[in-house]
Each structure stands twice: as C-alpha cells, then as structure tokens.
C-alpha cells in the first residue's frame, strides 16, 4: 500500500475516533474535532442539495434532524458528494418521526433517480426518423444511459413537479392520490420527469431485461397498451439510445 493510502486510512480512522494515540494528544484531538465538524457539515449540505423536495415537504428543522441521523449511520465513503444519500428512501421508510408521511420515501427515490439521470453517461437519443423505415423485431432496443423508471405507491412525480421552479404548489390541493409510475429521461441534456402508464412501464422493463422488440411489443400489449402509441411516447421522451 502506498504512503498516501496509508495516511488516508489512518486519518479516516482518527476522524472516526478509532485511534487511541490521537485521543491521548489534546492538540490533535482539537484539530480533528474541526475536521469532523467540517465533514459532518459537508454531508448535511450534500443531503440538503440532493433531496430538496423532501426538505421542502418536511421543513428545514425536521429534515436536518433526519439527515443528521442518516449521516451518522451512513457517513460518506467517496468524494463525489452528488452520489451521497443512496438508500435514503429506505431510511425514511423506517424513520419513526416521518411514519405518517409514507410518500416521502417515494419522493426521495424519485430525487435519487433524477440525480442518476443527470450524471449518467452521454449518448445520442433514438430519433423517430431513424425508425421510420421499420425495426428488426428480433433485435433488442437499448435504453439511453440516463433513462430511469420506477413505480410508486403515491403520485410522487406530481409531488416532485409541483416543487420545481415552473411548478405550481396549489396543484397539490387537487392531486389525485393513487399509485403511479414515472419515467426520468435526459433529452438534450435536460432531465425530464413524466408519468407513464402500465403499458409503457412494462415496455421499459422488457427493454431493460434485454428482450427483443417483438417480445417487448407482446409484453406491452398484454399490459393493455397500443404499441405504436407507447413507442412514440417513449421515443419523444428520449428513453432510447
């Protein structure tokens, strides 16, 4: 192991309070306390940046209390803080003070998928003109690297959109509370979140599993969808590479 790696491991252990030699040196203890406070603040700031809608739904103080418990239980393990907070939706599901707000976990999961889509690899999106001449039904169709989709027990996508800059919070007043599925794509480098029906969800799931276009069409039809309409909707959304 290289000297920098040895130092980093030792420094990490000291920050975690696992180095007895450090604890016997008052000067080092004070210095490390500063580093601990700084790293703890950075983790909390990352959570606030990565989950702004959850923060808005719960309020600043409640979110901070929840995020602090999460960061203490799951401290950052890598320097790229936009990745920090994976699994926060599961943590929210089990956090007792938010037990009366089960939709928070759905919104947190959607925000995580949004981040993944934002930082996913680049690739050209499949354009409608490219498939005008027909497709090979025996070949699979590849999802774009930024495409994400999920099913939720709540209208998570509508809640999320209402909290965006171009959203309207009063839209929540008339929100129809029912399960739904959401598609997250990044056409032209802009992340979009949209609701999709069961047929589109089944179509995407079959594509992700590597099934041929013919098999995908069958799955979508069995879910009650019109293949041409579903395919057109997903192409327009930039779901395919």
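A short reminder: the numbers here are calculations on the coordinates, not readings from a lab. Predicted model only: the values in this text are computed from it and were never measured. Here the Cβ is made from the backbone with ideal geometry for all residues, glycine too, and neighbour counts use every protein chain on show.
Given in Å, the Rg to one decimal and the Dmax to the nearest whole number for the Cα atoms of the stretch 62-121 are 12.0, 37. Taking label points 7 Å from Cα along the Cα-to-Cβ direction, residue 121 and residue 60 give a separation of 4.1 nm. Its Kirkwood hydrodynamic radius, worked out from the mean inverse distance over all distinct Cα pairs, puts the stretch 136-176 at 13.1 Å.
Applying Stokes-Einstein at 20 °C and 1.002 mPa s to the Kirkwood radius of the stretch 34-148, computed over alpha-carbon pairs, gives a translational diffusion coefficient of 131 µm² s⁻¹.
In the stretch 121-241 the Cα-Cα distances spread across 5 Å bins starting at 0 as 2, 11, 20, 22, 19, 13, 7, 4, 1, 0 percent of all pairs.
In what order do 81, 47 fall by count of nearby beta-carbon atoms within 10 Å, going from fewest to most? Mind dumping the intermediate values first?
On the way: 81 15, 47 24.
Ascending number of Cβ neighbours within 10 Å: 81, 47.
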